[in-house]
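To keep things clear, I will list the structure first and then write my remarks on it.
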Amino acid sequence: MSRAREKTVQVKELEQFKDDALNLLVVAMKNSCHKIGGGKYKGYFDTLNGSDLVTLGDFLVKHGKMERHTDGYGRRWFYRET
């Protein structure tokens, strides 16, 4: 295999690894938060004042996997999958 081809394969593998890791973080976020079933936050996940969950949620927003509701405050924010 040529070096250029090998590099292309490595880049594709790295991109797949990144996508898999982000998807696992989404699963962790969803399993750690409370899913809201009704009202204006329906379908959002409540971080329940968990600082680590807010940090994770913001990371997932940055990478396009979740969106953050604008009505959060302090450490209590609401996220949903994009």
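Values quoted throughout were computed directly from the atomic coordinates according to the rules given, and no laboratory measurement underlies them. Note that this is a predicted model, so its numbers are computed, not measured. No Cβ is skipped: glycine too gets one built from the backbone with ideal geometry, and neighbour counts run over all protein chains shown.
Cβ-Cβ distances below 9 Å connect the following pairs, each with a first residue in the range 47-66 that is at negative phi and of a type in the set (Phe, Trp, Tyr), a second residue that is part of a loop (DSSP other than H, G, I, E, B) and surrounded by 12 or more Cβ atoms within 10 Å (Cβ to Cβ), and a separation of six or more residues or different chains: PHE59/LYS65.
The residue that is surrounded by the most Cβ atoms within 10 Å (Cβ to Cβ), among those in the range 26-43 that are in a loop (DSSP other than H, G, I, E, B) and out of contact with any helix residue (DSSP H, G or I) (no Cβ under 8 Å at 6 or more places or on another chain), is ILE36. Please enumerate the residues belonging to the range 56-70 that are under 11 Å from ASP46 (Cβ atoms) and not small (Gly, Ala, Ser). Selection gives HIS69 alone.
Restricting attention to the range 45-82, the residues that are more than 14 Å from the chain's Cα centre (by Cα) and not in a strand (DSSP E or B) add up to 9. The set of residues in the range 44-69 that are closer than 13 Å to THR82 by Cβ and either among the polar types (S, T, N, Q) or surrounded by 12 or more Cβ atoms within 10 Å (Cβ to Cβ) (or both) comprises TYR44, PHE45, GLY57, LEU60, VAL61, HIS63, LYS65, MET66, GLU67, ARG68, HIS69. Selection of the range 70-81 for residues being crowded, with 18+ Cβ neighbours inside 10 Å and among the hydroxyl-bearing types (Ser, Thr, Tyr) yields only TYR79.
Among the residues of the range 67-82, those identified as touching a residue at least 40 places away in the same chain (Cβ under 8 Å) and either within 15 Å of ALA28 (Cβ to Cβ) or of a type in the set (S, T, N, Q) (or both) are TYR79, GLU81.
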